[in-house]
Amino acid sequence: MHDDEAQNILKGDEELIKSILSGNGERYGDIVERYQTGLYRAVYYYTQNVEDARDLTQDIFIKAYNNLAGFKQGSAFSTWLYRIAVNHCLDWCRKKKPTYVESFSLDNLSSDEDSPEDLFLQQEITSEVQAAVGSLPAIYSTVLILYYFEDFSPQQIADITDIPKRTVETRLFRGRKMLRDKLQPKSSGGEDHDLLSKPGQLAQLR
Amino acid sequence: MTCYRSRDNWHSYVKYSLSEAERDEMASHLAHCPECRSIVAIIQETLESLAKKQVILCPPLDIKINVMKAIDKNRYRETIVSTNPFHLFELKNWGVSMIAAGILLFALNLTTLSPGSENGQMTELHTELGKQITIPFDKMSQVANDALEKIESLRLSK
Ligand SMILES: [Zn+2]
(Lines give C-alpha, C1' and ligand atoms only; values in the text may rest on other atoms or scores of the structure.)
Protein backbone atom coordinates (compact mmCIF):
# COMPACT_ATOMS: atom_id res chain seq x y z
CA MET A 1 0.00 0.00 0.00
CA HIS A 2 2.79 2.27 1.01
CA ASP A 3 4.62 1.40 -2.16
CA ASP A 4 1.59 2.02 -4.35
CA GLU A 5 1.22 5.47 -2.94
CA ALA A 6 4.85 6.27 -3.57
CA GLN A 7 4.49 4.91 -7.08
CA ASN A 8 1.52 7.17 -7.74
CA ILE A 9 3.37 10.23 -6.54
CA LEU A 10 6.28 9.31 -8.76
CA LYS A 11 4.01 8.95 -11.78
CA GLY A 12 2.13 12.14 -11.04
CA ASP A 13 5.36 14.08 -10.76
CA GLU A 14 6.65 12.65 -13.97
CA GLU A 15 3.53 13.59 -15.90
CA LEU A 16 3.61 17.11 -14.50
CA ILE A 17 7.25 17.59 -15.39
CA LYS A 18 6.76 16.27 -18.90
CA SER A 19 3.96 18.74 -19.36
CA ILE A 20 6.05 21.63 -18.04
CA LEU A 21 9.00 20.69 -20.21
CA SER A 22 6.78 20.61 -23.27
CA GLY A 23 5.87 24.25 -22.68
CA ASN A 24 3.17 24.32 -20.02
CA GLY A 25 5.02 26.48 -17.54
CA GLU A 26 1.87 27.30 -15.57
CA ARG A 27 1.69 23.72 -14.38
CA TYR A 28 4.73 24.31 -12.21
CA GLY A 29 2.27 25.75 -9.73
CA ASP A 30 1.13 22.18 -9.05
CA ILE A 31 4.68 21.16 -8.24
CA VAL A 32 5.00 24.08 -5.83
CA GLU A 33 1.75 23.09 -4.17
CA ARG A 34 2.84 19.51 -3.84
CA TYR A 35 6.17 20.20 -2.23
CA GLN A 36 6.01 23.55 -0.51
CA THR A 37 4.90 22.26 2.88
CA GLY A 38 7.71 19.74 3.22
CA LEU A 39 10.31 21.95 1.66
CA TYR A 40 9.41 24.99 3.72
CA ARG A 41 9.51 22.93 6.90
CA ALA A 42 12.90 21.45 6.01
CA VAL A 43 14.30 24.87 5.15
CA TYR A 44 12.99 26.26 8.40
CA TYR A 45 15.23 23.87 10.33
CA TYR A 46 18.20 25.60 8.75
CA THR A 47 17.04 29.21 8.93
CA GLN A 48 15.03 29.09 12.17
CA ASN A 49 13.03 32.09 11.06
CA VAL A 50 10.06 32.44 8.78
CA GLU A 51 11.30 35.25 6.55
CA ASP A 52 14.47 33.52 5.49
CA ALA A 53 12.65 30.21 5.24
CA ARG A 54 10.18 31.76 2.81
CA ASP A 55 12.86 33.44 0.72
CA LEU A 56 14.97 30.32 0.54
CA THR A 57 12.03 28.13 -0.33
CA GLN A 58 11.14 30.47 -3.18
CA ASP A 59 14.72 30.52 -4.42
CA ILE A 60 14.84 26.74 -4.36
CA PHE A 61 11.65 26.41 -6.40
CA ILE A 62 12.88 28.94 -8.95
CA LYS A 63 16.25 27.24 -9.21
CA ALA A 64 14.56 23.86 -9.65
CA TYR A 65 12.35 25.26 -12.42
CA ASN A 66 15.27 26.73 -14.29
CA ASN A 67 17.15 23.44 -14.10
CA LEU A 68 14.18 21.20 -14.76
CA ALA A 69 15.57 20.05 -18.09
CA GLY A 70 18.38 18.41 -16.13
CA PHE A 71 16.01 16.23 -14.15
CA LYS A 72 16.29 12.61 -15.21
CA GLN A 73 12.91 11.12 -15.97
CA GLY A 74 12.42 7.87 -14.14
CA SER A 75 14.13 9.02 -10.96
CA ALA A 76 12.34 10.48 -7.96
CA PHE A 77 11.59 14.16 -8.30
CA SER A 78 11.50 14.63 -4.53
CA THR A 79 15.09 13.41 -4.20
CA TRP A 80 16.17 15.73 -6.99
CA LEU A 81 14.34 18.70 -5.49
CA TYR A 82 15.71 18.11 -2.00
CA ARG A 83 19.17 17.84 -3.41
CA ILE A 84 18.86 21.38 -4.71
CA ALA A 85 17.26 22.43 -1.44
CA VAL A 86 19.92 20.98 0.84
CA ASN A 87 22.74 22.45 -1.22
CA HIS A 88 21.02 25.81 -1.23
CA CYS A 89 20.50 25.75 2.54
CA LEU A 90 24.06 24.68 3.24
CA ASP A 91 25.33 27.49 1.02
CA TRP A 92 23.11 29.88 2.87
CA CYS A 93 24.40 28.64 6.25
CA ARG A 94 28.00 29.05 5.15
CA LYS A 95 27.41 32.60 3.98
CA LYS A 96 25.17 33.73 6.75
CA LYS A 97 26.66 31.91 9.74
CA PRO A 98 23.28 32.05 11.42
CA THR A 99 23.10 32.86 15.08
CA TYR A 100 20.86 30.08 16.22
CA VAL A 101 20.98 31.04 19.87
CA GLU A 102 19.95 34.60 19.19
CA SER A 103 17.12 33.76 16.87
CA PHE A 104 15.90 31.32 19.45
CA SER A 105 15.93 33.78 22.34
CA LEU A 106 12.57 34.78 23.69
CA ASP A 107 13.24 38.47 23.14
CA ASN A 108 12.60 37.98 19.49
CA LEU A 109 9.12 36.80 20.18
CA SER A 110 7.77 39.88 21.91
CA SER A 111 7.42 41.94 18.78
CA ASP A 112 4.84 44.71 18.65
CA GLU A 113 2.70 43.42 15.87
CA ASP A 114 1.16 40.07 16.32
CA SER A 115 0.76 39.04 12.74
CA PRO A 116 -0.34 35.48 12.07
CA GLU A 117 3.21 34.80 11.08
CA ASP A 118 4.47 35.86 14.48
CA LEU A 119 1.96 33.64 16.14
CA PHE A 120 3.22 30.80 14.08
CA LEU A 121 6.72 31.67 15.01
CA GLN A 122 5.88 31.59 18.66
CA GLN A 123 4.19 28.31 18.33
CA GLU A 124 7.06 26.94 16.40
CA ILE A 125 9.74 28.23 18.65
CA THR A 126 8.28 26.21 21.48
CA SER A 127 9.57 23.24 19.62
CA GLU A 128 12.75 22.67 21.51
CA VAL A 129 13.59 19.87 19.18
CA GLN A 130 13.50 22.13 16.18
CA ALA A 131 16.00 24.52 17.69
CA ALA A 132 18.21 21.71 18.89
CA VAL A 133 18.30 20.14 15.44
CA GLY A 134 19.12 23.51 13.93
CA SER A 135 22.00 24.05 16.30
CA LEU A 136 23.81 20.85 15.33
CA PRO A 137 26.62 20.91 12.79
CA ALA A 138 25.02 20.94 9.35
CA ILE A 139 26.28 17.50 8.35
CA TYR A 140 24.33 15.99 11.24
CA SER A 141 21.27 18.22 11.15
CA THR A 142 20.85 17.50 7.44
CA VAL A 143 20.61 13.73 7.83
CA LEU A 144 18.37 14.06 10.89
CA ILE A 145 15.98 16.45 9.15
CA LEU A 146 15.76 14.26 6.07
CA TYR A 147 15.37 11.04 8.01
CA TYR A 148 13.14 12.04 10.90
CA PHE A 149 11.10 14.89 9.49
CA GLU A 150 11.01 14.45 5.73
CA ASP A 151 10.77 10.67 5.84
CA PHE A 152 13.60 9.80 3.50
CA SER A 153 15.47 6.50 3.74
CA PRO A 154 19.26 6.41 4.19
CA GLN A 155 19.64 5.47 0.53
CA GLN A 156 17.59 8.48 -0.55
CA ILE A 157 19.54 10.71 1.80
CA ALA A 158 22.72 9.38 0.24
CA ASP A 159 21.35 10.37 -3.17
CA ILE A 160 20.35 13.81 -1.96
CA THR A 161 23.54 14.66 -0.14
CA ASP A 162 25.99 12.80 -2.35
CA ILE A 163 27.57 10.90 0.52
CA PRO A 164 27.82 7.11 0.85
CA LYS A 165 24.89 5.34 2.46
CA ARG A 166 27.21 3.95 5.12
CA THR A 167 28.17 7.48 6.10
CA VAL A 168 24.53 8.45 6.29
CA GLU A 169 23.90 5.63 8.76
CA THR A 170 26.89 6.65 10.86
CA ARG A 171 25.80 10.28 10.91
CA LEU A 172 22.30 9.27 11.88
CA PHE A 173 23.70 7.37 14.87
CA ARG A 174 25.98 10.21 15.92
CA GLY A 175 23.52 12.96 15.13
CA ARG A 176 20.86 11.32 17.22
CA LYS A 177 23.24 11.05 20.15
CA MET A 178 24.19 14.72 19.82
CA LEU A 179 20.55 15.68 19.67
CA ARG A 180 19.80 13.65 22.77
CA ASP A 181 22.66 15.37 24.63
CA LYS A 182 21.29 18.77 23.68
CA LEU A 183 17.81 17.95 24.82
CA GLN A 184 18.77 16.16 27.98
CA PRO A 185 20.04 18.35 30.81
CA LYS A 186 23.17 16.85 32.30
CA SER A 187 22.48 17.80 35.92
CA SER A 188 19.19 16.11 36.64
CA GLY A 189 18.07 12.66 35.75
CA GLY A 190 16.09 14.40 33.05
CA GLU A 191 13.24 11.96 32.83
CA ASP A 192 10.81 14.67 31.82
CA HIS A 193 13.25 16.28 29.47
CA ASP A 194 14.36 13.38 27.46
CA LEU A 195 12.45 14.08 24.32
CA LEU A 196 13.82 11.24 22.35
CA SER A 197 13.35 8.10 24.35
CA LYS A 198 13.37 6.52 27.75
CA PRO A 199 16.56 6.91 29.80
CA GLY A 200 16.79 3.19 30.42
CA GLN A 201 17.14 2.47 26.74
CA LEU A 202 19.43 5.37 26.11
CA ALA A 203 21.90 3.91 28.55
CA GLN A 204 22.19 0.91 26.30
CA LEU A 205 23.07 2.97 23.28
CA ARG A 206 26.56 4.06 23.98
CA MET B 1 29.49 -5.95 25.24
CA THR B 2 28.98 -4.35 21.87
CA CYS B 3 27.59 -6.38 19.04
CA TYR B 4 29.67 -6.04 15.90
CA ARG B 5 26.45 -5.35 14.03
CA SER B 6 25.27 -2.56 16.28
CA ARG B 7 26.30 -0.04 13.62
CA ASP B 8 24.57 -1.91 10.84
CA ASN B 9 21.94 -0.45 8.49
CA TRP B 10 19.34 -0.24 11.22
CA HIS B 11 18.06 3.11 10.03
CA SER B 12 17.39 1.57 6.63
CA TYR B 13 15.86 -1.44 8.29
CA VAL B 14 13.38 0.71 10.16
CA LYS B 15 12.35 2.50 6.95
CA TYR B 16 11.85 -0.75 5.02
CA SER B 17 14.34 0.36 2.43
CA LEU B 18 16.39 -2.82 2.14
CA SER B 19 16.12 -5.78 -0.17
CA GLU B 20 13.98 -8.59 1.12
CA ALA B 21 16.98 -10.86 1.58
CA GLU B 22 18.86 -8.23 3.56
CA ARG B 23 15.86 -7.50 5.67
CA ASP B 24 15.18 -11.13 6.48
CA GLU B 25 18.78 -11.65 7.42
CA MET B 26 18.74 -8.65 9.76
CA ALA B 27 15.45 -9.73 11.26
CA SER B 28 16.89 -13.10 12.17
CA HIS B 29 19.85 -11.38 13.81
CA LEU B 30 17.47 -9.23 15.81
CA ALA B 31 15.72 -12.32 17.08
CA HIS B 32 18.72 -13.29 19.18
CA CYS B 33 20.50 -9.96 19.78
CA PRO B 34 18.97 -7.74 22.48
CA GLU B 35 21.50 -4.99 21.82
CA CYS B 36 20.53 -4.51 18.20
CA ARG B 37 16.90 -4.87 19.16
CA SER B 38 17.19 -1.95 21.51
CA ILE B 39 18.83 0.12 18.79
CA VAL B 40 15.94 -0.53 16.45
CA ALA B 41 13.52 0.29 19.26
CA ILE B 42 15.27 3.59 19.94
CA ILE B 43 15.19 4.61 16.28
CA GLN B 44 11.50 3.77 16.10
CA GLU B 45 10.73 5.66 19.29
CA THR B 46 12.67 8.67 18.09
CA LEU B 47 10.68 8.66 14.87
CA GLU B 48 7.42 8.55 16.77
CA SER B 49 8.42 11.08 19.36
CA LEU B 50 9.79 13.56 16.83
CA ALA B 51 6.67 13.18 14.71
CA LYS B 52 4.65 14.19 17.76
CA LYS B 53 6.91 17.12 18.53
CA GLN B 54 6.67 18.38 15.00
CA VAL B 55 4.50 21.45 14.92
CA ILE B 56 2.66 21.81 11.67
CA LEU B 57 4.30 24.68 9.92
CA CYS B 58 2.23 26.13 7.11
CA PRO B 59 4.14 27.68 4.25
CA PRO B 60 3.18 31.33 3.63
CA LEU B 61 0.60 31.68 0.87
CA ASP B 62 2.77 33.96 -1.19
CA ILE B 63 5.44 31.36 -1.89
CA LYS B 64 3.52 29.95 -4.84
CA ILE B 65 2.49 33.38 -6.07
CA ASN B 66 6.03 34.71 -5.94
CA VAL B 67 7.53 31.65 -7.56
CA MET B 68 5.03 31.73 -10.41
CA LYS B 69 5.70 35.42 -10.89
CA ALA B 70 9.44 34.93 -10.95
CA ILE B 71 9.72 32.06 -13.40
CA ASP B 72 9.68 32.40 -17.16
CA LYS B 73 6.69 30.26 -18.06
CA ASN B 74 7.73 30.16 -21.70
CA ARG B 75 11.16 28.86 -20.87
CA TYR B 76 10.44 25.38 -22.20
CA ARG B 77 8.25 26.42 -25.11
CA GLU B 78 9.60 25.65 -28.58
CA THR B 79 11.67 28.60 -29.75
CA ILE B 80 10.68 30.24 -33.06
CA VAL B 81 13.15 30.35 -35.95
CA SER B 82 13.82 34.08 -35.92
CA THR B 83 15.07 34.03 -32.36
CA ASN B 84 17.65 31.39 -33.10
CA PRO B 85 20.95 33.14 -33.91
CA PHE B 86 22.11 30.26 -36.08
CA HIS B 87 19.04 30.49 -38.28
CA LEU B 88 19.39 34.24 -38.46
CA PHE B 89 22.91 33.88 -39.77
CA GLU B 90 21.78 31.43 -42.40
CA LEU B 91 18.98 33.71 -43.54
CA LYS B 92 21.40 36.61 -43.89
CA ASN B 93 23.71 34.53 -46.01
CA TRP B 94 20.85 33.52 -48.20
CA GLY B 95 19.83 37.15 -48.58
CA VAL B 96 23.30 38.19 -49.66
CA SER B 97 23.47 35.39 -52.20
CA MET B 98 20.13 36.37 -53.63
CA ILE B 99 21.21 39.96 -54.11
CA ALA B 100 24.39 38.83 -55.82
CA ALA B 101 22.44 36.55 -58.12
CA GLY B 102 20.04 39.38 -58.89
CA ILE B 103 22.81 41.73 -59.93
CA LEU B 104 24.38 39.09 -62.14
CA LEU B 105 21.09 38.35 -63.84
CA PHE B 106 20.47 42.05 -64.34
CA ALA B 107 23.85 42.50 -66.01
CA LEU B 108 23.39 39.47 -68.22
CA ASN B 109 19.93 40.61 -69.23
CA LEU B 110 21.19 43.99 -70.30
CA THR B 111 23.84 42.47 -72.51
CA THR B 112 21.47 40.07 -74.20
CA LEU B 113 18.63 42.55 -74.52
CA SER B 114 20.52 44.98 -76.75
CA PRO B 115 22.69 42.99 -79.12
CA GLY B 116 22.38 45.61 -81.89
CA SER B 117 23.97 48.48 -80.06
CA GLU B 118 26.86 49.82 -82.03
CA ASN B 119 28.69 52.33 -79.97
CA GLY B 120 28.67 50.21 -76.85
CA GLN B 121 26.08 52.38 -75.22
CA MET B 122 22.60 51.36 -74.39
CA THR B 123 19.92 53.94 -74.91
CA GLU B 124 17.06 52.06 -73.44
CA LEU B 125 13.86 52.13 -75.41
CA HIS B 126 11.20 54.73 -74.78
CA THR B 127 10.68 54.86 -71.11
CA GLU B 128 11.77 57.69 -68.91
CA LEU B 129 13.41 55.28 -66.55
CA GLY B 130 15.14 53.55 -69.41
CA LYS B 131 16.78 56.73 -70.52
CA GLN B 132 18.29 57.25 -67.16
CA ILE B 133 20.14 53.95 -67.08
CA THR B 134 22.63 54.37 -69.79
CA ILE B 135 25.57 52.25 -68.94
CA PRO B 136 28.53 51.26 -71.10
CA PHE B 137 28.35 47.54 -71.79
CA ASP B 138 32.02 46.88 -71.43
CA LYS B 139 31.86 48.18 -67.88
CA MET B 140 28.85 46.07 -66.94
CA SER B 141 30.70 42.94 -65.95
CA GLN B 142 33.17 45.07 -64.05
CA VAL B 143 30.36 46.67 -62.05
CA ALA B 144 28.81 43.33 -61.30
CA ASN B 145 32.15 42.00 -60.20
CA ASP B 146 32.79 44.92 -57.90
CA ALA B 147 29.38 44.52 -56.34
CA LEU B 148 30.00 40.84 -55.75
CA GLU B 149 33.34 41.57 -54.15
CA LYS B 150 31.84 44.17 -51.88
CA ILE B 151 29.13 41.77 -50.82
CA GLU B 152 31.65 39.06 -50.21
CA SER B 153 33.82 41.26 -48.02
CA LEU B 154 30.76 42.39 -46.09
CA ARG B 155 29.85 38.83 -45.42
CA LEU B 156 33.32 37.90 -44.26
CA SER B 157 33.62 40.86 -41.96
CA LYS B 158 30.51 39.79 -40.03
ZN1 LIG C 1 23.46 -7.39 17.30
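Which of A:Lys95/B:Lys53; A:Lys63/B:Lys64; A:Lys63/A:Lys95; A:Lys18/B:Lys64; A:Lys95/B:Lys64; A:Lys18/B:Lys69 have a Cα-Cα distance over 23 Å?
A:Lys95/B:Lys53; A:Lys95/B:Lys64
For segment B:1-80 and segment A:128-172, what is the centre-to-centre distance using only Cα atoms, to the nearest Å?
9 Å
Restricting to Cα pairs below 8 Å that are 6+ residues apart, what does the relative contact order work out to for segment A:1-94? Please round to a whole percent.
Over segment A:1-94, the number comes to 29 percent.
Where the accessible area of segment B:10-52 is counted over protein heavy atoms with a 1.4 Å probe, how much of it, in %, is carbon and sulfur?
Summing carbon and sulfur atoms, their accessible area is 55 percent of the total for segment B:10-52.
Whole-Hz Karplus ³J(HN,Hα) for segment B:10-25, in order, using 6.51 cos²θ - 1.76 cosθ + 1.60 and θ = phi - 60°, x for Gly and Pro?
5, 5, 6, 4, 5, 8, 6, 10, 10, 5, 4, 4, 4, 5, 4, 4
Inside 10 Å of the C-beta atoms of A:149-156, what's the mean count of C-beta atoms belonging to other chains?
Mean shielding count: 4.
With θ taken as phi - 60° and the coefficients 6.51, -1.76 and 1.60, list the Karplus ³J(HN,Hα) couplings across segment A:77-87 in order, rounded to whole Hz; mark glycine and proline as x.
5, 4, 4, 4, 5, 5, 5, 4, 5, 4, 4
What shape does segment A:1-102 have by the C-alpha gyration tensor, where a ≥ b ≥ c are the square roots of the eigenvalues, rounded means a/c under 1.5, and otherwise prolate means a/b greater than b/c and oblate the rest?
Since a/c reaches 1.5 and a/b is larger than b/c, the shape of segment A:1-102 is classed as prolate.
What does the buried accessible surface come to for B and A, summed over both chains, with the probe at 1.4 Å? Round to 100 Å².
Summing both sides, the interface buries roughly 4600 Å².
Roughly to the nearest percent, how much of the accessible area of segment A:1-102 is carbon and sulfur, given a 1.4 Å probe?
49 percent
On average, how many beta carbons from a partner chain sit within 10 Å of the beta carbon of a residue in B:10-17?
Counting Cβ atoms of other protein chains within 10 Å of each residue's Cβ and averaging gives 6.
The values are calculated or read from the model by the stated rules, or taken from the named source; none is laboratory data. Just so it is clear, the structure is predicted and the values come from calculations on it, not from any experiment. When we count neighbours, we look across all protein chains shown, and the Cβ atoms used for this are built from the backbone with ideal geometry, even at glycine. Surface areas here come from the heavy atoms of the whole protein model, side chains and all, with no ligands, DNA or RNA. Shrake-Rupley method; radii C 1.70, N 1.55, O 1.52, S 1.80 Å.
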